[in-house]
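See below for the structure under consideration.
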Amino acid sequence: MAGEERDLIVKIDNVRKVYNTRKGEMVALNGVNLDIYENEFICVVGPSGCGKSTLLNIIAGLHDATSGAVYCKGKKVTGTGTERGVVFQQYALFPWLTVKKNVMFALEMKGIKGKQAEDEAMKYLAKVDLTKFADHYPKELSGGMKQRVAIARAYAANPEVLLMDEPFGALDAQTRTQLQTELLETWEKDRKTCFFITHDVEEAIILAQKVIIMSARPGRIKSIVNIDIPYPRTQETKMTPRFLELKNEIWSQVYQEYLEVRK
Ligand SMILES: Nc1ncnc2c1ncn2[C@@H]1O[C@H](COP(=O)(O)OP(=O)(O)OP(=O)(O)O)[C@@H](O)[C@H]1O
(Lines give C-alpha, C1' and ligand atoms only; values in the text may rest on other atoms or scores of the structure.)
Protein backbone atom coordinates (compact mmCIF):
# COMPACT_ATOMS: atom_id res chain seq x y z
CA MET A 1 0.00 0.00 0.00
CA ALA A 2 1.20 3.51 -0.81
CA GLY A 3 0.43 4.66 2.75
CA GLU A 4 2.76 2.05 4.19
CA GLU A 5 5.56 3.01 1.80
CA ARG A 6 5.50 6.60 3.01
CA ASP A 7 6.29 5.44 6.50
CA LEU A 8 9.31 3.37 5.52
CA ILE A 9 12.36 5.20 6.88
CA VAL A 10 15.20 2.73 6.33
CA LYS A 11 15.32 -0.21 3.95
CA ILE A 12 18.20 -2.65 4.33
CA ASP A 13 18.28 -4.58 1.10
CA ASN A 14 20.25 -7.82 0.97
CA VAL A 15 23.35 -6.36 2.59
CA ARG A 16 26.56 -8.34 2.56
CA LYS A 17 29.80 -7.12 4.06
CA VAL A 18 33.16 -8.75 3.52
CA TYR A 19 36.25 -7.42 5.28
CA ASN A 20 39.68 -8.09 3.79
CA THR A 21 41.87 -9.11 6.67
CA ARG A 22 45.43 -10.41 6.90
CA LYS A 23 43.94 -13.90 7.14
CA GLY A 24 41.89 -13.40 4.00
CA GLU A 25 38.28 -12.47 3.41
CA MET A 26 35.95 -12.40 6.39
CA VAL A 27 32.21 -12.34 5.79
CA ALA A 28 30.77 -10.14 8.54
CA LEU A 29 27.21 -9.87 7.20
CA ASN A 30 25.33 -11.90 4.65
CA GLY A 31 21.85 -11.43 3.23
CA VAL A 32 20.59 -8.90 5.76
CA ASN A 33 17.15 -7.52 4.97
CA LEU A 34 15.15 -5.26 7.24
CA ASP A 35 12.56 -2.51 6.94
CA ILE A 36 12.47 0.16 9.64
CA TYR A 37 9.23 2.14 9.79
CA GLU A 38 8.60 5.60 11.16
CA ASN A 39 8.21 5.73 14.96
CA GLU A 40 9.58 2.22 15.45
CA PHE A 41 11.96 1.39 18.26
CA ILE A 42 14.10 -1.52 17.15
CA CYS A 43 16.76 -3.16 19.30
CA VAL A 44 19.39 -5.50 17.90
CA VAL A 45 20.99 -8.23 20.01
CA GLY A 46 23.38 -11.03 19.11
CA PRO A 47 26.68 -12.56 20.11
CA SER A 48 29.87 -10.52 20.07
CA GLY A 49 31.28 -10.24 16.55
CA CYS A 50 28.02 -11.07 14.74
CA GLY A 51 28.12 -7.77 12.84
CA LYS A 52 25.80 -5.48 14.80
CA SER A 53 28.14 -2.48 14.65
CA THR A 54 29.02 -3.24 11.05
CA LEU A 55 25.32 -3.07 10.16
CA LEU A 56 24.81 0.17 12.06
CA ASN A 57 27.89 1.70 10.42
CA ILE A 58 26.56 0.77 6.98
CA ILE A 59 23.19 2.39 7.77
CA ALA A 60 25.06 5.44 9.08
CA GLY A 61 27.06 5.59 5.84
CA LEU A 62 30.36 5.19 7.67
CA HIS A 63 31.07 1.86 5.93
CA ASP A 64 30.08 0.65 2.48
CA ALA A 65 28.22 -2.60 1.95
CA THR A 66 30.15 -5.06 -0.25
CA SER A 67 26.87 -5.80 -2.02
CA GLY A 68 23.26 -4.86 -1.41
CA ALA A 69 22.27 -1.40 -0.28
CA VAL A 70 20.62 0.71 2.38
CA TYR A 71 17.98 3.29 1.52
CA CYS A 72 16.87 6.11 3.79
CA LYS A 73 13.48 7.51 2.78
CA GLY A 74 13.96 5.94 -0.62
CA LYS A 75 17.41 7.46 -1.24
CA LYS A 76 20.42 5.17 -1.46
CA VAL A 77 22.86 5.73 1.39
CA THR A 78 26.31 6.61 0.03
CA GLY A 79 27.78 8.42 3.03
CA THR A 80 26.84 10.08 6.29
CA GLY A 81 23.85 12.41 6.41
CA THR A 82 22.02 14.55 8.95
CA GLU A 83 18.86 12.49 8.46
CA ARG A 84 20.68 9.67 10.30
CA GLY A 85 21.88 10.63 13.78
CA VAL A 86 24.43 8.37 15.46
CA VAL A 87 25.22 7.88 19.15
CA PHE A 88 28.21 5.67 19.97
CA GLN A 89 29.25 3.94 23.17
CA GLN A 90 32.20 6.30 23.55
CA TYR A 91 30.50 9.64 23.72
CA ALA A 92 32.24 11.14 20.67
CA LEU A 93 31.92 14.71 21.93
CA PHE A 94 34.34 17.41 20.82
CA PRO A 95 36.55 17.89 23.90
CA TRP A 96 37.49 21.44 22.94
CA LEU A 97 33.87 22.61 22.78
CA THR A 98 31.57 23.29 25.72
CA VAL A 99 28.44 21.19 26.21
CA LYS A 100 26.29 23.89 24.61
CA LYS A 101 28.65 24.30 21.65
CA ASN A 102 28.69 20.53 21.11
CA VAL A 103 24.92 20.62 20.70
CA MET A 104 25.05 23.81 18.64
CA PHE A 105 27.42 22.05 16.25
CA ALA A 106 24.64 19.64 15.22
CA LEU A 107 22.29 22.58 14.62
CA GLU A 108 24.88 24.48 12.61
CA MET A 109 25.31 21.43 10.38
CA LYS A 110 21.64 21.89 9.55
CA GLY A 111 22.15 25.57 8.76
CA ILE A 112 20.76 26.93 12.04
CA LYS A 113 23.10 29.65 13.26
CA GLY A 114 23.79 32.18 16.02
CA LYS A 115 21.19 32.98 18.67
CA GLN A 116 18.68 30.55 17.20
CA ALA A 117 21.20 27.70 17.43
CA GLU A 118 22.03 28.71 21.00
CA ASP A 119 18.36 28.82 22.05
CA GLU A 120 17.63 25.47 20.45
CA ALA A 121 20.73 23.90 22.02
CA MET A 122 19.52 25.06 25.44
CA LYS A 123 16.10 23.56 24.73
CA TYR A 124 17.66 20.15 23.98
CA LEU A 125 19.94 20.40 27.02
CA ALA A 126 16.87 21.07 29.17
CA LYS A 127 15.33 17.83 27.86
CA VAL A 128 18.31 15.89 29.27
CA ASP A 129 18.47 18.01 32.43
CA LEU A 130 21.85 19.56 31.69
CA THR A 131 21.18 23.28 31.36
CA LYS A 132 23.37 23.96 34.40
CA PHE A 133 26.30 22.35 32.64
CA ALA A 134 25.94 24.19 29.32
CA ASP A 135 29.26 26.01 29.72
CA HIS A 136 31.22 23.04 31.03
CA TYR A 137 33.64 21.01 28.93
CA PRO A 138 33.09 17.27 28.36
CA LYS A 139 36.04 16.34 30.60
CA GLU A 140 34.20 17.97 33.52
CA LEU A 141 31.21 15.61 33.18
CA SER A 142 30.51 12.04 34.32
CA GLY A 143 30.08 9.27 31.73
CA GLY A 144 26.29 9.41 32.06
CA MET A 145 26.25 13.18 31.59
CA LYS A 146 28.48 12.94 28.52
CA GLN A 147 26.13 10.40 27.03
CA ARG A 148 23.18 12.71 27.73
CA VAL A 149 24.99 15.45 25.79
CA ALA A 150 25.60 13.01 22.92
CA ILE A 151 21.88 12.13 22.91
CA ALA A 152 20.86 15.82 23.07
CA ARG A 153 23.18 16.53 20.13
CA ALA A 154 21.74 13.65 18.11
CA TYR A 155 18.19 14.84 18.86
CA ALA A 156 19.05 18.45 18.02
CA ALA A 157 19.88 17.49 14.45
CA ASN A 158 16.28 16.19 14.23
CA PRO A 159 17.23 13.12 12.19
CA GLU A 160 14.73 10.76 10.58
CA VAL A 161 16.28 7.93 12.55
CA LEU A 162 18.54 7.66 15.59
CA LEU A 163 21.20 4.97 15.28
CA MET A 164 22.53 4.01 18.70
CA ASP A 165 25.48 1.64 19.10
CA GLU A 166 25.50 0.40 22.69
CA PRO A 167 25.06 3.96 23.97
CA PHE A 168 24.85 2.86 27.60
CA GLY A 169 27.44 0.08 27.37
CA ALA A 170 30.19 1.98 29.16
CA LEU A 171 28.03 3.15 32.07
CA ASP A 172 27.60 1.68 35.54
CA ALA A 173 24.37 -0.26 36.15
CA GLN A 174 22.59 2.52 38.02
CA THR A 175 23.37 5.24 35.47
CA ARG A 176 22.47 2.85 32.68
CA THR A 177 19.05 2.21 34.22
CA GLN A 178 18.51 5.94 34.66
CA LEU A 179 19.37 6.68 31.03
CA GLN A 180 17.13 3.85 29.83
CA THR A 181 14.26 5.43 31.75
CA GLU A 182 14.99 8.87 30.32
CA LEU A 183 15.22 7.52 26.78
CA LEU A 184 11.96 5.63 27.25
CA GLU A 185 10.20 8.75 28.52
CA THR A 186 11.51 10.78 25.59
CA TRP A 187 10.57 8.11 23.05
CA GLU A 188 7.10 7.70 24.52
CA LYS A 189 6.58 11.43 23.87
CA ASP A 190 8.09 11.87 20.41
CA ARG A 191 8.37 8.31 19.02
CA LYS A 192 11.56 9.14 17.14
CA THR A 193 12.53 6.16 15.00
CA CYS A 194 15.35 4.32 16.80
CA PHE A 195 17.73 1.53 15.81
CA PHE A 196 19.52 0.58 18.99
CA ILE A 197 22.26 -2.02 19.48
CA THR A 198 22.78 -3.63 22.85
CA HIS A 199 24.34 -6.70 24.47
CA ASP A 200 21.76 -6.52 27.19
CA VAL A 201 18.59 -8.52 26.53
CA GLU A 202 16.69 -6.77 29.36
CA GLU A 203 17.62 -3.38 27.92
CA ALA A 204 16.39 -4.49 24.49
CA ILE A 205 13.01 -5.67 25.83
CA ILE A 206 12.33 -2.67 28.05
CA LEU A 207 12.96 -0.24 25.17
CA ALA A 208 11.93 -1.92 21.95
CA GLN A 209 8.82 -2.73 20.02
CA LYS A 210 10.81 -5.28 18.03
CA VAL A 211 13.94 -7.13 19.05
CA ILE A 212 16.10 -8.33 16.17
CA ILE A 213 18.22 -11.36 17.03
CA MET A 214 21.30 -11.76 14.87
CA SER A 215 23.00 -15.06 14.19
CA ALA A 216 26.64 -15.82 14.81
CA ARG A 217 29.00 -14.77 12.01
CA PRO A 218 28.33 -14.30 9.20
CA GLY A 219 25.65 -12.10 10.71
CA ARG A 220 22.11 -12.60 9.47
CA ILE A 221 18.77 -11.82 11.01
CA LYS A 222 17.88 -14.99 12.87
CA SER A 223 14.51 -13.83 14.15
CA ILE A 224 12.40 -10.83 15.05
CA VAL A 225 10.48 -10.88 18.33
CA ASN A 226 7.59 -8.41 18.75
CA ILE A 227 7.56 -6.99 22.26
CA ASP A 228 3.85 -6.88 23.04
CA ILE A 229 4.23 -5.05 26.37
CA PRO A 230 2.32 -1.76 26.22
CA TYR A 231 3.96 1.60 26.88
CA PRO A 232 4.47 3.47 29.13
CA ARG A 233 7.05 1.09 30.52
CA THR A 234 9.06 1.60 33.66
CA GLN A 235 11.83 -0.32 35.41
CA GLU A 236 9.07 -2.21 37.27
CA THR A 237 7.99 -3.63 33.91
CA LYS A 238 11.10 -5.82 34.18
CA MET A 239 9.41 -7.77 37.00
CA THR A 240 6.23 -8.64 35.08
CA PRO A 241 5.54 -12.22 33.93
CA ARG A 242 5.37 -11.25 30.24
CA PHE A 243 8.73 -9.48 30.44
CA LEU A 244 10.34 -12.53 32.04
CA GLU A 245 8.79 -14.81 29.43
CA LEU A 246 10.17 -12.67 26.59
CA LYS A 247 13.54 -12.48 28.32
CA ASN A 248 13.72 -16.29 28.46
CA GLU A 249 12.67 -16.64 24.85
CA ILE A 250 15.17 -14.09 23.52
CA TRP A 251 17.97 -15.15 25.82
CA SER A 252 17.70 -18.79 24.77
CA GLN A 253 17.90 -17.78 21.08
CA VAL A 254 20.92 -15.56 21.71
CA TYR A 255 22.54 -18.29 23.79
CA GLN A 256 22.26 -20.76 20.91
CA GLU A 257 24.24 -18.28 18.82
CA TYR A 258 26.85 -17.86 21.56
CA LEU A 259 27.30 -21.63 21.42
CA GLU A 260 27.79 -21.42 17.65
CA VAL A 261 30.54 -18.84 18.16
CA ARG A 262 32.31 -21.12 20.62
CA LYS A 263 32.23 -24.18 18.32
N1 LIG B 1 37.41 -2.78 9.93
C2 LIG B 1 37.39 -4.11 10.08
N3 LIG B 1 38.30 -4.88 9.44
C4 LIG B 1 38.27 -6.22 9.55
N5 LIG B 1 37.37 -6.90 10.28
C6 LIG B 1 36.44 -6.17 10.95
C7 LIG B 1 36.41 -4.75 10.88
N8 LIG B 1 35.37 -4.30 11.64
C9 LIG B 1 34.80 -5.40 12.16
N10 LIG B 1 35.44 -6.53 11.76
C11 LIG B 1 35.07 -7.90 12.08
O12 LIG B 1 33.74 -8.11 11.64
C13 LIG B 1 33.02 -8.90 12.57
C14 LIG B 1 31.81 -8.13 13.03
O15 LIG B 1 32.24 -7.04 13.84
P16 LIG B 1 31.22 -6.05 14.55
O17 LIG B 1 32.02 -5.08 15.35
O18 LIG B 1 30.29 -5.53 13.54
O19 LIG B 1 30.44 -7.06 15.51
P20 LIG B 1 29.50 -6.74 16.75
O21 LIG B 1 28.38 -7.70 16.68
O22 LIG B 1 29.16 -5.30 16.79
O23 LIG B 1 30.47 -7.10 17.95
P24 LIG B 1 30.44 -6.62 19.48
O25 LIG B 1 29.11 -7.06 20.01
O26 LIG B 1 31.56 -7.36 20.10
O27 LIG B 1 30.62 -5.13 19.48
C28 LIG B 1 34.00 -9.23 13.70
O29 LIG B 1 34.53 -10.52 13.48
C30 LIG B 1 35.07 -8.17 13.57
O31 LIG B 1 36.32 -8.67 14.00
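Within the option set D13, D7, being touching a Gly at 6+ places or on another chain (Cβ under 7 Å), away from the ligand (no atom under 12 Å from the Cβ) and over 24 Å from Q256 (Cα atoms) holds for one residue only, D13.
When you scan region 46-58, how many residues do you find that are crowded, with 23+ Cβ neighbours inside 10 Å and either more than 9 Å from the ligand (Cβ to nearest atom) or among the hydroxyl-bearing types (S, T, Y) (or both)? The number of residues fulfilling the criteria is 1. All of (1) surrounded by fewer than 21 Cβ atoms within 10 Å (Cβ to Cβ); (2) free of Cβ contacts under 8 Å to residues at least 60 places away in the same chain hold for Q90 with one exception: (2). Listed by first and then second residue, the pairs linking a residue in region 149-165 that is hydrophobic (A, V, I, L, M, F, W, C) to a residue that is within 16 Å of the ligand (Cβ to nearest atom) and assigned to a helix (DSSP H, G or I), with Cβ atoms under 9 Å apart and 6 or more places separating them unless they lie on different chains, are V161/I59; L163/L56; L163/N57; L163/I59; L163/A60; M164/L56.
A count restricted to region 120-165 and to residues that are of a type in the set (D, E, K, R), closer than 16 Å to K192 by Cβ and touching a Lys or Arg at 6+ places or on another chain (Cβ under 7 Å) stands at 1.
Looking at Q147, Q178, which is the one that is modelled with pLDDT under 95 and crowded, with 19+ Cβ neighbours inside 10 Å? Within the list Q147, Q178, the selection yields Q147. Going by what's in this entry, would V211 be described as β-branched (V, I, T) and touching a Gly at 6+ places or on another chain (Cβ under 8 Å)? The answer is no for V211. Pairs linking a residue in region 39-63 that is under 20 Å from I227 (Cα atoms) to a residue that is more than 12 Å from the ligand (Cβ to nearest atom) and polar (S, T, N, Q), with Cβ atoms under 7 Å and 6 or more positions apart or on different chains, are N39/T193; E40/T193; E40/Q209; F41/Q209.
The values are calculated or read from the model by the stated rules, or taken from the named source; none is laboratory data. Note that the structure is predicted; figures quoted are calculated from it, not measured. Quick reminder, even Gly has a Cβ in these numbers, built from the backbone with ideal geometry, and neighbours come from all protein chains shown.
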